[in-house]
Amino acid sequence: MDKPLIEALKGEALDIPPVWLMRQAGRYLPEYRETRAKAPDFLNFCYTPELAIEATLQPIRRFAMDGAIIFSDILVIPDALGQVVKFVEGKGPVLDPLETPDAIGGLHLEGVTAKLAPVYEALAGVKGELSPTTALIGFAGAPWTIATYMIEGGSSRDFARVKSWAYDDPVSFQRLIDLLVTAISDHLIAQVKAGAEVLQIFDSWAGILPDKAFWEWSIKPIKTIVERVKEACPEALIIGFPNRSGILYQPFTRETGIDGVSMDATVPADWAVRALQDYATLQGNLDPVMLLTGGKVMQDAARAICDRLKEGPFIFNLGHGVLPQTPPDNVARLVECVRDYKE
């Protein structure tokens, strides 16, 4: 028998949906905060296998999730390419921004997977600790999302710099996207070889792109990545997450070749069944604030999602990551609610 998460991604509609949560390893857990204090620099934390293994396993020990997602970050890719990446307390990621197309020449594909070897070591270490029913999940950011950080120098309110570059000089911007497609593909393939059975591609900022640009900078690059990964690792199962992309979820799901689509909390479940479930397994999509709120409102919302998505292949998750202020007891109750789900 396959692991429930893998069965669902292969198209099986299960009576009880598998469950895991984005950002299930994180600051809401006291044991994570204790582990995190051992390496104040966040990237060093990600690159220290014993700490990454411990952070990955903490929610598995507590909640027996059906998927263990490796503790890492999407910005290890620009770091491995040679861009300066820092995480500043209270501010988040800060990068030395790419100011002009010439700056792309300072990025180097050679040695990316060597630099990220600690991630693969952590995956192998987690693999040996998981139960036979728990799937191991690797991940990476999508080219568009990583490019936004590389050009903006961090997050942004309007993404004017990255959009202006893409609109005004699409040729040089395509050079950057192509470089990222190769780096991300290599990183994902290496994760599968280290033991990952499922991969998730996070296009966290896909929803800021208008229609034509969405096809060009989200769908096309991710389609290429999926093709490359599946050519090298046919057994790999891939979930895409085009966050906040509205009705563009449908072409994304149809065209990229993904096995599962992770939906943000704004995606109506009934629409997802009609528009998406014929093409991929649905994953999601409880509002993380519902999890923070807890109680009957959370349980009713979780059951409603299960009621609407149960007829086809489905994985229970959030519409985004667990919020740091979430009580761990709420997570335990959510998992129990999903596991106790009956038609």
Seminar exercise, completed: Residues whose modelled amide H sits under 5 Å from the amide H of Leu199, counting only those 5 or more places away in sequence or on another chain, are Gly138, Leu237, Ile238, Ile239
Seminar exercise, completed: From the Cα centre of the range 299-331 to that of the range 166-192, the distance in Å is 32
For this session: Rounded to whole Hz and in sequence order, give me ³J(HN,Hα) for the range 160-174 from the Karplus expression 6.51 cos²θ - 1.76 cosθ + 1.60, θ = phi - 60°, writing x for Gly and Pro.
Result: 5, 5, 5, 5, 4, 4, 4, 6, 7, 9, x, 5, 5, 5, 4
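Using only helices, what value at 222 nm comes out for the chain when you add -39,500 (n - 2.57) per DSSP H run of length 4 or more and divide by the total residues, to the nearest 500 deg cm²/dmol? Each step should come with its number before you reach the end.
Details: 17 runs with 161 residues, N = 343.
After summing the helix terms and dividing by residue count, I get -13500 deg cm²/dmol.
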For this session: Among Leu237, Ile201, Ala304, pick out the residue whose Cα is farthest towards the positive end of the charge dipole of the range 200-307, where Lys and Arg carry +1 and Asp and Glu carry -1 on C-beta, about the Cα centre.
Result: Ile201
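Remind me, relative contact order of the range 216-343 in percent, using alpha carbon pairs under 8 angstrom and six or more residues apart?
Numbers: 177 pairs, mean separation 27.9, N = 128.
Normalised by residue count, the contact order of the range 216-343 is 22 percent.
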For this session: Using the Karplus curve 6.51 cos²θ - 1.76 cosθ + 1.60 with θ = phi - 60°, work out ³J(HN,Hα) for each residue of the range 300-309 in order, rounded to whole Hz, and write x for Gly and Pro.
Result: 5, 5, 5, 5, 5, 4, 4, 4, 7, 9
For this session: Grab the Cα-Cα distance for Leu109 and Val94, subtract it from 0.36 nm times how many residues apart they are, and report the gain in nm with one decimal.
Result: 3.3 nm
Exercise. Which one of Ser185, Ser164, Ser72 has the biggest mean-square fluctuation once the chain is modelled by GNM with Cα springs under 10 Å?
Worked result: Ser164
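Based on the Cα gyration tensor of the range 49-204, what are the three equivalent ellipsoid semi-axes, each the root of five times an eigenvalue, rounded to whole Å and given largest first? The partial results should precede the final answer.
Details: eigenvalues 188, 51, 36 Å².
Largest first, the range 49-204 gives 31, 16, 13 Å.
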Exercise. Got the relative contact order for the range 22-70 handy, in percent, Cα pairs under 8 Å and 6 or more residues apart?
Worked result: 35
Exercise. If packing is taken as the mean number of other Cβ atoms within 10 Å per residue, what is the order of 114-123, 321-330, highest first?
Worked result: 114-123, 321-330
Problem set entry | Calculated log₁₀ intensity ratio I(q)/I(0) where the Debye formula runs over C-alpha points of the chain, q = 0.09, 0.14, 0.15 Å⁻¹ | -0.44, -1.15, -1.34
Exercise. How much of the accessible area of the range 115-206, in percent, comes from carbon and sulfur atoms when a 1.4 Å probe is used?
Worked result: 52
For this session: Mind pulling the angle between the C-alpha long axis of helix 117-127 and the longest principal axis of the chain? Nearest 10 degrees, somewhere in 0 to 90.
Result: 10
Problem set entry | Label-point separation in nm, Ser155 to Ala39, each point 7 Å along Cα→Cβ | 2.3
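List the equivalent ellipsoid semi-axes of the range 42-96 in whole Å, largest first, each obtained as the square root of 5λ for an eigenvalue λ of the Cα gyration tensor.
Working: eigenvalues 129, 27, 19 Å².
Semi-axes, largest first: 25, 12, 10 Å.
Remind me, relative contact order of the range 67-111 in percent, using alpha carbon pairs under 8 angstrom and six or more residues apart? Numbers along the way, then the final one.
Values: 27 pairs, mean separation 13.9, N = 45.
Relative contact order comes out at 31 percent.
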Exercise. Can you run phi through the Karplus equation (6.51, -1.76, 1.60; θ = phi - 60°) for the range 46-57 and list ³J(HN,Hα) in whole Hz, with x for Gly and Pro?
Worked result: 5, 8, 9, x, 5, 6, 5, 4, 4, 5, 5, 7
For this session: With both partners inside the chain, how many of the DSSP beta bridges are antiparallel, as a percent to the nearest 5?
Result: 15
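Assign unit charges at the C-beta atoms only (+1 for Lys and Arg, -1 for Asp and Glu), then state the dipole size of the chain relative to its Cα centre in Debye, rounded to the nearest 20.
Values: 33 positive and 45 negative charges, 97 e Å.
The calculated dipole for the chain is roughly 460 debye.
Whole number in Å², please: accessible area per residue of the chain, 1.4 Å probe, ligands, DNA and RNA not counted.
Working: 14010 Å² over 343 residues.
That works out to 41 Å² per residue.
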Exercise. Ranked by accessible surface with a 1.4 Å probe, highest first, in what order do Tyr47, Tyr341, Tyr279 come?
Worked result: Tyr279, Tyr47, Tyr341
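The values are calculated or read from the model by the stated rules, or taken from the named source; none is laboratory data. This structure is a prediction, so every number in the text was calculated from the model and none was measured. Every residue, glycine as well, gets a Cβ built from its backbone with ideal geometry; the counts of neighbours run over all protein chains shown. When the accessible area is computed, the model is the full protein with side chains, heavy atoms only, and any ligands, DNA or RNA have been set aside. Shrake-Rupley method; radii C 1.70, N 1.55, O 1.52, S 1.80 Å.
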